[in-house]
Amino acid sequence: MEKEDPRNRMTVFDMVSKFEGGRSRTDEDQWKLAKPQALMPPGVRLQAPKPANPEHWPQREQNRETPQRKHGEDSRGPRHSPPTARKVCKPPDNTEAPGPSRDLTWKRMHSFRKRHSTQRLIQREVKPALEEPEEKETVKEEKKETVEEKLFKIAKELLDTEKAYVSRLHLLDQVFYAELLKEARSGNSFPEDVVKQIFSNISSVFQFHQQFFLPELQRRMDDWGSNPRIGDILQKVAPFLKMYGQYVCCFDRAMDLITTWMEKSPRFEEIVLDIQKREACGNLTLQHHMLEPVQRVPRYEMLLKDYLKKLPPGSPDRADSEKSLEIIFEAAKHSNAAIADMVKSFLML
């Protein structure tokens with residue numbers, strides 16, 4: 001005799017339930033269906049249903065929300081296990097039920113992986129730090145090159161400032177002095193001697209720097225790669241810097257004459273103001289431009305001292321540079337004294 005298929009019995013029960021008006025299956029009905037289990041031979045255990053595949057959980061959730069399905073039922077009909085058996089069934093430990101808790105766990109795992117991947121990236125970036133000895137050797141080479149570069153920069157600064165200084169001397173001699181002297185000789189607005197006293201020996205200073213010192217310095221910088229030195233040139237020109245003594249001694253008297261004749265002679269004032277408006281003056285007064293020769297000799301002294309500090313002890317340019325510094329130092333005394341007197345006179349005004 002063939003055994004009766006339990007699924008057929010479940011289907012018949014469902015049909016009867018629907019015929020009776022959709023009455024839901026109660027606990028008593030479930031226990032009635034579970035009674036045949038007691039007739040099973042002793043020693044045989046009823047295996048609990050295997051947990052469903054987590055991939056089908058969303059579908060199961062959807063099926064539970066179906067209005068036709070009621071508590072304790074699914075598409076295969078009622079289960080043979082008691083209600084408590086269904087509650088005991090849980091997903092495996094390595095899986096989680098869908099919902100907020102599962103999403104939170106996934107976020108934590110994602111953050112954990114991201115953090116550890118970042119740490120591995122940092123470790124990979126830290127590895128090149130082992131190459132410090134090569135970097136230190138490179139720094140030493142750069143320091144050796146830096147000394148040579150500093151010497152070149154000082155010499156280059158000397159050349160650049162000399163070009164700007166010659167332009168300033170050209171403005172004083174060929175513009176201010178020439179135009180004021182021309183007006184003094186052609187008219188009776190102000191005497192010629194006043195103009196000569198104001199500018200003193202500025203023409204000699206201009207010719208020396210334009211025709212001798214600047215060309216020599218320019219040739220040496222053009223040939224710096226094969227002959228990197230400036231001490232020999234400064235030693236040649238240093239004796240001629242004594243001509244600044246005459247200009248410095250007459251500087252205070254020149255400032256007083258400019259102030260006096262700017263108030264006394266309208267034509268003198270007109271010429272000076274007209275020249276000061278030109279682009280070559282850079283919005284500076286005649287007094288500011290005349291101060292440049294007084295400051296030039298101390299500028300040579302400062303650059304040469306800086307050059308000697310950077311110069312190696314065994315350099316062939318050291319002896320010439322030291323001799324040049326001694327001569328320039330004597331010439332700078334007059335300029336420093338003139339600047340001190342000028343500051344005092346400005347403070348008294």
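The values are calculated or read from the model by the stated rules, or taken from the named source; none is laboratory data. This one's a predicted model, so the numbers in the text were calculated from it and none came from an experiment. Counting neighbours? That spans all protein chains shown, and the Cβs are built from the backbone with ideal geometry, glycine included. Quick note on the areas: whole protein, heavy atoms, side chains included, nothing else; ligands and nucleic acids left out. Shrake-Rupley method; radii C 1.70, N 1.55, O 1.52, S 1.80 Å.
General observations
- Accessible-area order (highest first, 1.4 angstrom probe) of the listed residues Cys250, Cys281: Cys250, Cys281
- Solvent exposure of Val237, expressed as accessible area, is near 10 Å², computed with a probe of 1.4 Å over the protein chains only.
- Heavy-atom accessible surface of the stretch 283-324: percent carbon and sulfur, 1.4 Å: 55 percent
- Of Lys163/Lys196; Lys156/Lys242; Lys153/Lys309; Lys150/Lys323; Lys156/Lys323; Lys150/Lys310, those spanning more than 18 Å from alpha-carbon to alpha-carbon: Lys163/Lys196; Lys156/Lys242; Lys150/Lys323; Lys156/Lys323
- Where labels lie 7 Å past Cα in the beta-carbon direction, separation of Asp223 and Lys163 in nm: 2.0 nm
- Net lengthening on full extension, Phe152/Thr260 (0.36 nm per residue, minus Cα-Cα): 34.3 nm
- Residues in the stretch 224-241 carry Karplus couplings, in order, of 5, x, 9, 9, x, 7, 10, x, 5, 5, 5, 5, 6, 8, 4, x, 6, 6 Hz; the curve used is 6.51 cos²θ - 1.76 cosθ + 1.60 with θ = phi - 60°, and Gly or Pro positions show x.
- Accessible-area ranking of Glu330, Glu148, Glu269, largest first, probe 1.4 Å: Glu148, Glu330, Glu269
- Ordering Gln207, His288, Ala184 by Cα displacement along the dipole of the stretch 173-308 toward the positive end leaves Gln207 in first place; charges were set at the Cβ atoms of Lys, Arg (+1) and Asp, Glu (-1).
- Estimated FRET transfer efficiency (Glu270, Ala337; beta-carbon r; R0 51 Å; 0.05): 0.90
- Separation of the Ser203 and Ala319 label points, Cα + 7 Å toward Cβ, nm: 4.1 nm
- FRET efficiency, Arg278 to Leu181 (Cβ-Cβ, R0 25 Å, nearest 0.05): 0.90
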